Amino acid sequence: MAVETKPRWTVKDFRAPYEVDWCPGCGDFGILNAIYQALAQMGVSPHETVVVGGIGCSGKAQYYVNAYGVHTLHGRPLPVATGIKLANPNLKVFVVSGDGDSMAIGAAHFVNGGRRNVDITYIMFNNEVYGLTKGQASPTLPLGLQTKSLPEPNIQGNINALMLAFTTGYTWIGRGYAYNIKQLVRLIREATEHPGLAFLEVLQPCPTYNNLHTKDWYQGRLYDINEEGYDPVLPPDADDATRRDLYARFMEKVFEWGDRIPTGVFLVNRNLPTFEERIAERQPHYRIHPPALTRIRDDEGRSLLDIQPFYEEHRAR
Amino acid sequence: MKTVGELSWRIGGPQGSGVDTAARLFSLAASLGGLNVLGRREYYSNIIGRHSYYDVRLSATRQPRSHRIRVDLLTSFEAETLARHALSVVPGGGIIYNVKDEDTPFLRITFLDERVRQDLARVLTEEGVEHTTSTKGLLELAEKRGVQLYPVPYDELFKTLSERFDVPLGIAQRTRNTLAVALSFALLEFPREFLKEALARVFASKPKVVELNQAAVDVIYDYMASSHSNLAFDFRLEGVTQDGPRMMLNANQAVAIGKLAGGLTFQTYYPISPATDESVYLEAHTTYRTREGDEQGVVVVQTEDEISAIAMASGAALTGARAATATSGPGFSLMVEQLGWTSMTETPLVITLYMRGGPSTGMPTRTDQGDLFFALFAGHGEAPRIVYASGDVEEAFYDAIRTLNYAEMFQMPVIHLVDKALASTTVTLPVPDPTQVPIRRGEIFVPEEDEGQRIVKRFSLDTETGISPRVLLGTPHVHHWMTGGEHTEEGRVTEDPVIRVRMHDKRLAKLEYAAKTIPAEEKFQVFGPEDADFTVISWGSTKGAILEALEILEQKGLRGRFVQVKLLMPFPKEIAPLLERRPLILVELTRTAQLARLLRMELGVEVDHRILKYSGRPFSFEELVDALEAVLERREEEVTVLQLFE
């Protein structure tokens, strides 16, 4: 699926020259390495790349990438990233967000983002806990589980992030694992090359606060659905039966959890236009003059607006 | 003596019945006839049924600046309008009403509030009229006061129309708004051609509707000629010749067009009254023509909430797009966290804040100035922002360009304060000139040719003014970070105490730079003589009523000066000497006199008197004349204005 291009930028170029302050053994390191490799393989340059993070451990990832990095408020990376991408569609925009950032405080944005299908790669780091505030339950921790910081077992249920992404309209849905870097690089590349909003959940042990779903726990449970023959692609001419078949297979996979945990690409839907395409359809000038690249004044600094049509519309005499 | 060419006209009716269309027709026809127009709309947060009304003030000689409490001609087609507004009509004025409504019990009027019923009964009892619980008493009292009554058999007129033009009665009844307007103009002896032209313009896409409505105009003019005469009525209108083209705009439209003139390319919003109309206007005008003949425009996104609206606009602003959002109190409350982020990250962003009655949901469709302090201080921490207020519709246009400039020049959020009153005030005005306010984009970093990729100091501390050149996302050869956390020059989070102090100083220094850079004439305006007998200070939409009130007081020998503050943050300290002609009187649409507190805080100046209104309705100049007289002659420290039937 991915086209091999000779990379001008190497993994080293994307590694920011600063210290990293995640806990030793944190799954975030794996995700970060996969991001470096994916960026280098895709041949994008640092200045065309914007990594937008939220609040939490995941929201530090953009500091470690040599690219434009935007550290937003808790829960807000997606709307900020949407503004960036719509204003300058030439940029490659990544969201790095956590399970609390995405599924709790930013849930409204997550849901409504699906309705728009802006061409963004959304990577959700899922470790089921709020690490930076010392291990509270996040919206992805199942009901009744008690990780080590919880005074009582989790009294709230969990959100199935992949299912939520599906019902709200994300057009590429996948899941990876922080320590399977080879697979993760492939998933990040495919998500990025997908035209539209791609949601990649990354399962990630938190060695400090999640003593249940550890590296050892995940060991032997994870498998790649695509290697087992699962085809995630919704064909352009899919009839109702094909569509229903894919949706049924999708549901079966995303609710599988326990002894076997599926990873890989769950859905690829190229049949919906991106938000950028929808805007361009209404406003053809958008392709030529997106908001960031619109000339708004003449050489003397004067407004370019022709007031005449507005006069005609509101003419009093 | 008959007043010619000056009129205060009111029409009312249930929401959804076309009151707005009627007012638009009336305003447009008057304007086509050369008259200057100011329209003011009052309505409920409701879709169909509740009472809305519309005041149109006309003048042959000058642009009216505020609405009037006292009505010269009231036009109604149902009983609730009579009940609510008959008492506002001046002696010598007139009431046009449906004969069917001449004796409707107040209790039968569904949406008439109990409080209004009680006050009507009380007033009618005090006035000693026979009927105190129905419209009959109101008409009786009106007649006693010298108001002319014009009962009209609407049903018969519809029937006439239906028969004469062979259309079903239901279709004929749809001309109701035209009828109401035509009755008024016929009584005023205003040439019918202007109304016919207005009809042709308003219903341009529906030739059949135009034809029928124009026919209805003739029916009405004939009817009035045979049934009612202008003789006893104190008002007349005639067409006048005026120089120069005029537009008719409200502040929602003026701000929207002003933003386009100012180079806005990205707007976000979540629906909220009374801000939404601006964004919807932009959605209907996403593509415009430049003076050079190109097509370009603005991207407008309706978001899931106001948090997303301001976050998305912030993101667009980072790329160099001129970005803005528009909202009202509750929405602005949601935006506050991100407001701090834009301040911290030095992101240029305009938030147009249409103030309405608060707190909480308050009164969504009624005006207020209670958000002043909120705009000034919203958010945690010390977050610089510019707060700028427009005084009228024309200012709103130019200020929309200015605020976009300020945002980029000083790299901070700008809160542009307008209010519901301006949003629903429609005026005739000269065609605004987009080139009058030059577009200024502030300092933008330009990379050197192919120097290789490097990290750039977006938040460089090597600056006297606090301004570091903005590095737009996507600028080649460089990259940097940005964060709502305290940060280094490269935009990386830091908790270092020394860097913290330098960065905090740098951000706040920009406010001083803004105070030095923004010219005085943009910060405030002063009206009236230097040696005035008193000084009025205010801000925002009160401007028009104050200016008209001062003119009237001057005729009475009371010479006042008006200081209109436009820039509220950073506060223009140079106005202090302008406030020395005492007494100093604050006029504001609040209970707590916020500008008076701000003057104390910023200048150590105390106002002597406060004139306040917080019923959700704007000041009329008549109210201010009365209130200023109470203050100047009776030395009342505080006057609060409240109308029973507004």
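In segment A:283-297, is there at least one residue being within 14 Å of chain B (Cβ to nearest Cβ) and of a type in the set (Phe, Trp, Tyr)?
yes
Can you tell me which residue among B:Glu306, B:Glu283 is buried (at least 23 other Cβ atoms within 10 Å of the Cβ), within 11 Å of chain A (Cβ to nearest Cβ) and among the charged types (D, E, K, R)? Steps first, please.
Values: B:Glu283 fails: buried (at least 23 other Cβ atoms within 10 Å of the Cβ).
Criteria check complete, one pass: B:Glu306.
Is at least one residue of segment B:565-579 crowded, with 24+ Cβ neighbours inside 10 Å and either touching a residue at least 40 places away in the same chain (Cβ under 8 Å) or over 26 Å from B:Arg40 (Cβ atoms) (or both)?
Yes, segment B:565-579 contains a residue that is crowded, with 24+ Cβ neighbours inside 10 Å and either touching a residue at least 40 places away in the same chain (Cβ under 8 Å) or over 26 Å from B:Arg40 (Cβ atoms) (or both).
When only residues in segment B:214-272 that are within 19 Å of B:Phe26 (Cβ to Cβ) and surrounded by fewer than 16 Cβ atoms within 10 Å (Cβ to Cβ) count, which is nearest to the other protein chains (Cβ to nearest Cβ)?
B:Val240
For segment B:373-423, what are the residues that are of a type in the set (Asp, Glu), under 24 Å from B:Ile307 (Cα atoms) and not in a helix (DSSP H, G or I)?
The answer is B:Glu382, B:Asp419.
Name the residues in segment B:286-302 that are more than 7 Å from chain A (Cβ to nearest Cβ), surrounded by fewer than 24 Cβ atoms within 10 Å (Cβ to Cβ) and part of a loop (DSSP other than H, G, I, E, B), would you?
Passing the criteria: B:Gly293, B:Asp294.
All but one of (1) more than 29 Å from B:Leu339 (Cα to Cα); (2) within 13 Å of chain B (Cβ to nearest Cβ) hold for A:Gly113; which doesn't?
(1)
Go through (1) more than 10 Å from chain B (Cβ to nearest Cβ); (2) buried (at least 23 other Cβ atoms within 10 Å of the Cβ); (3) modelled with pLDDT of 95 or more one by one and return the number of the condition A:Pro142 breaks.
Evaluating A:Pro142 over (1) more than 10 Å from chain B (Cβ to nearest Cβ); (2) buried (at least 23 other Cβ atoms within 10 Å of the Cβ); (3) modelled with pLDDT of 95 or more leaves (2) as the failure.
A:Ile105 - would you say it is within 14 Å of chain B (Cβ to nearest Cβ) and under 30 Å from B:Thr488 (Cα atoms)?
Answer is yes for this residue.
I want to confirm something. Restricting to segment B:415-455 and keeping residues that are more than 13 Å from the chain's Cα centre (by Cα), of a type in the set (A, V, I, L, M, F, W, C) and more than 10 Å from every other protein chain (Cβ to nearest Cβ), which single residue is surrounded by the fewest Cβ atoms within 10 Å (Cβ to Cβ)?
B:Val446
Across segment A:46-69, which residue is farthest from A:Gly100 (Cα to Cα) among those that are in a strand (DSSP E or B) and either more than 7 Å from every other protein chain (Cβ to nearest Cβ) or in contact with a helix residue (DSSP H, G or I) (Cβ under 6 Å, 6 or more places away or on another chain) (or both)?
This residue is A:Thr49.
Whether any residue in segment B:90-112 is over 29 Å from B:Ser226 (Cβ atoms), touching a Leu at 6+ places or on another chain (Cβ under 7 Å) and not aromatic (Phe, Trp, Tyr) is what I want to check.
So far as segment B:90-112 goes, no, none of its residues is over 29 Å from B:Ser226 (Cβ atoms), touching a Leu at 6+ places or on another chain (Cβ under 7 Å) and not aromatic (Phe, Trp, Tyr).
Tell me, which residue of segment A:298-307 that is facing chain B (nearest Cβ under 8 Å) and either closer than 18 Å to B:Ala324 by Cα or not aliphatic (A, V, I, L, M) (or both) is surrounded by the fewest Cβ atoms within 10 Å (Cβ to Cβ)? Steps first, answer last, please.
From segment A:298-307, those facing chain B (nearest Cβ under 8 Å) are A:298, A:300-307; that's our starting set.
Narrowing the set further to residues that are either closer than 18 Å to B:Ala324 by Cα or not aliphatic (A, V, I, L, M) (or both) leaves A:298, A:300-303, A:305-306.
Working: A:Asp298: 15, A:Glu300: 8, A:Gly301: 14, A:Arg302: 17, A:Ser303: 24, A:Leu305: 27, A:Asp306: 17.
Ranking the qualifying residues of segment A:298-307, first place goes to A:Glu300.
Among the residues of segment A:243-276, write down those that are charged (D, E, K, R) and surrounded by 16 or more Cβ atoms within 10 Å (Cβ to Cβ).
A:Arg249, A:Lys253, A:Glu276 - these are the residues of segment A:243-276 that are charged (D, E, K, R) and surrounded by 16 or more Cβ atoms within 10 Å (Cβ to Cβ).
If you go through segment B:328-343 one residue at a time, do you hit one that is outside any helix (DSSP H, G or I), within 20 Å of the chain's Cα centre (by Cα) and more than 21 Å from A:Gly113 (Cα to Cα)?
Scanning segment B:328-343, I find at least one residue that is outside any helix (DSSP H, G or I), within 20 Å of the chain's Cα centre (by Cα) and more than 21 Å from A:Gly113 (Cα to Cα), so the answer is yes.
What pairs come up if the first residue lies in segment A:225-242 and is loosely packed, with under 10 Cβ neighbours inside 10 Å, the second is not polar (S, T, N, Q), and their beta carbons are under 8 Å apart, counting only those six or more places apart or on different chains?
Close Cβ pairs (under 8 Å, with a partner that is not polar (S, T, N, Q)) amount to A:Pro236/A:Arg270.
From the list A:Leu91, A:Leu78, which one is under 23 Å from B:Ile307 (Cβ atoms) and in contact with a Lys or Arg (Cβ under 7 Å, 6 or more places away or on another chain)?
Numbers: A:Leu78 fails: in contact with a Lys or Arg (Cβ under 7 Å, 6 or more places away or on another chain).
After ruling out the rest, the residue left standing is A:Leu91.
The values are calculated or read from the model by the stated rules, or taken from the named source; none is laboratory data. Computed from a predicted structure; not experimentally measured. Virtual Cβ from ideal backbone geometry, glycine too; neighbours counted across all protein chains shown.
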